[in-house]
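All remarks here apply to the structure that follows.
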Amino acid sequence: MGADGGRRADVAITDGVVTAVAERLDVDPGTKILDAGGCVVSPGLVDLHAHLRQPGGEEAETVESAARAAALGGYTAIVAMPNTDPPIDSAAVVHEVLSLGRGAMADVAVAGAITVGRAGDQLAPMAEMADAGVRIFTDDGAGVQDGGLMRRALDYAGGLRARGQKVVLAQHCEDTLLAAGGVMHEGEWSSRLGLPGIPSAAEEAMVARDIALVRQTGVPVHFLHLSTAGAVELVRRAKSEGLAVTAEVAPHHLVLTDQAVAGYDPSYRVNPPLRTFADVLAVRAGVADGTIDAVATDHAPHSPEVKDVPFDMAPPGMLGLETALAVTLTALTRHRGSGSAPGGGEMPDAPGRLGGTGIVLDAGEGAVLDVGAVLALLTARPASIAGLGDCHGGPLVVGAVANICVVDPTATWTVDPTGLASLSRNTPYAGWTLTGRVRHTVLRGEPVVLDSEAQR
Ligand code: DOR
Ligand code: ZN
């Protein structure tokens with residue numbers, strides 16, 4: 001079914017491929033029918049940024065459990081981040097994670113590290129990883145601090161691109177000396193709570209440096225999880241200059257502010273940190289005007305043993321795969337029934353205004369999108385950045401691989417951490433009622449989620 005200008009149609013799938021799209025299709029007896037009444041039939045979602053924790057962190061997540069969470073969230077493809085143990089910094093580990101992904105409930109692509117061990121000193125063997133299928137290189141979890149090394153990485157990536165391997169470097173933008181041990185955004189709330197802060201400048205300095213390097217080298221950079229108004233503005237200007245930059249935002253930076261940390265709940269610790277209300281609105285405006293290309297989960301599972309500790313000792317990271325679509329729809333569309341969060345969620349949770357919750361659920365000014373536009377941020381655009389456009393991201397036309405997400409954009413549901421497929425429980429949305437529910441997910445023609453239930 002279409003929504004927001006899409007057309008109403010039935011979609012036929014045979015042997016994993018879309019074989020017909022038409023207003024009313026006749027079906028042979030015995031044909032399996034998935035009900036999409038009241039729903040949007042979208043290309044399967046594509047996540048540019050998921051921490052699958054395997055190898056080495058299997059108590060928090062595995063490739064299999066993350067792929068199940070992904071399928072339940074409407075994803076048919078996820079990109080595995082390389083901050084594993086050992087890190088994904090060689091073809092051998094790339095092959096290991098790819099083989100763990102074979103047969104999983106979502107396609108698994110692998111991002112490789114830019115530097116050996118993600119230590120930031122020496123370039124990793126990017127060519128052998130590119131030959132193994134890697135298209136995104138990143139030291140995510142840390143940014144590449146050494147500008148000279150980042151420049152060499154870009155030159156090297158340019159060489160691979162000249163060979164026809166369309167690789168892209170993805171930066172976790174944080175200058176560690178500026179961040180200097182901070183555990184939340186540096187501002188009014190870090191002062192009030194007595195916690196060391198990470199200034200916006202830590203993100204913006206690295207975005208600015210990398211934009212200069214893109215201008216110098218002509219080789220593209222993708223900016224991971226942008227969180228500050230200043231970073232969005234830098235990318236906006238770089239794009240208006242015609243530079244080859246792309247950017248993503250994580251759902252939590254669309255709906256949570258640093259004020260959420262007021263109760264010292266470690267579920268709200270994340271990197272980059274939750275920022276101010278003004279930053280949330282600026283990031284939303286960046287999404288609305290195309291400065292931000294994609295929404296990516298930064299799904300970062302942590303086991304209760306390490307996460308349920310005092311705020312400043314907890315590792316940063318939040319679950320995202322099962323809630324991303326609903327959080328994004330709830331934040332950016334007016335299509336919702338009644339998104340709500342425990343203890344508040346009403347606008348305005350204005351800058352400097354005390355006593356709110358740090359939760360900004362309603363769509364803000366200048367950032368109201370239709371469902372189709374939100375889905376593009378989660379499908380076609382990330383698929384193209386990740387080089388997965390042949391199989392993922394749509395469009396759903398005859399001949400396309402049948403990777404499909406059927407979502408009811410008006411259905412509401414309440415997040416129950418104990419009901420999540422992830423092996424970890426660190427969602428910041430426990431108890432939230434969200435709008436937008438995945439009904440079915442179809443992976444290469446196989447219904448892996450039916451009526452919101454995983455099929456294996
Ligand atoms: O909050 C975060 N958690 N940010 C990152 O960049 C890494 C991630 C993780 O791996 O836990
Ligand atoms: Zn990151």
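Any read-out appearing in this document is the output of simple, stated calculations on the displayed coordinates, not a laboratory observation. Keep in mind that this is a model prediction, so the values were computed, not measured. Cβ sites come from the backbone with ideal geometry, for glycine too, and all protein chains shown count toward neighbours.
Once both labels are modelled 7 Å past Cα along the beta-carbon direction, what's the H95-E188 spacing in nm?
Result for the modelled spin labels: 5.6 nm.
Using label points projected 7 Å from each Cα along Cα→Cβ, tell me how many nm separate R161 and D10, to one decimal.
4.6 nm
So what is log10(I(q)/I(0)) for the range 191-299 at q = 0.09, 0.22, 0.23 1/Å, when the Debye sum runs over its Cα atoms only?
Result of the Debye calculation: -0.23, -1.17, -1.25.
How much length is gained if the chain between Q216 and R334 is pulled fully straight, taking 0.36 nm per residue apart and subtracting their Cα-Cα distance, in nm to one decimal?
Full-extension gain reported as 38.3 nm.
Could you name the lysines in cross-link range of K166, using Cα to Cα under 27 Å and dropping any fewer than eight places away on the same chain?
K239
In what sequence, highest mean first, do 228-240, 279-291 appear when ranked by Cβ atoms within 10 angstrom?
My ranking of the peptides, most packed first, is 279-291, 228-240.
Calculated FRET efficiency, A127 and L149, Cβ-Cβ r, R0 22 Å, to nearest 0.05?
Efficiency for this residue pair is about 0.85.
What is the chain's relative contact order, in percent, from Cα pairs under 8 angstrom and six or more apart in sequence?
Worked out over the chain, it gives 20 percent.
Would you mind ranking K166, K32 by Cβ crowding within 10 Å, fewest neighbours first?
Arranged by neighbour count, lowest to highest, K166, K32 become K32, K166.
So if the hydrodynamic radius of the range 282-324 is defined as the Kirkwood radius over C-alpha pairs, what does Stokes-Einstein give as its diffusion coefficient at 4 °C and 1.567 mPa s, in µm² per second?
My calculation gives 104 µm²/s for D.
State the extension gain, in nm to one decimal, for the chain segment bounded by E453 and L34, taking 0.36 nm per residue of separation less the distance between their alpha-carbons.
This chain segment gains 149.5 nm when fully extended.
Compute the signed sum of charges (Lys and Arg +1, Asp and Glu -1) over the other residues within less than 10 Å, Cβ to Cβ, of P55. Please report the intermediate quantities before stating the final value.
On the way: positive: R53; negative: E58, D85, E96.
Once all neighbours under 10 Å are counted, the net charge is -2.
Using the per-residue mean of other Cβ atoms lying within 10 Å as a proxy for protection, in what order, highest first, do the peptides 376-386, 393-403 fall? Don't skip to the answer; put the middle values down first.
On the way: 376-386: 24.3, 393-403: 18.2.
In descending order of packing, they fall as 376-386, 393-403.
Counting only DSSP beta bridges with both residues in the range 108-230, tell me the antiparallel percent, nearest 5.
10 percent
Between R237 and R102, take the C-beta separation as r, use R0 = 41 Å, and let me know the FRET efficiency to the nearest 0.05.
0.45
When the helices in the chain are scored as -39500 (n - 2.57) per DSSP H run of 4 or longer and the sum is shared across all residues, what 222 nm value do you end up with, to the nearest 500 deg cm²/dmol?
-8000 deg cm²/dmol
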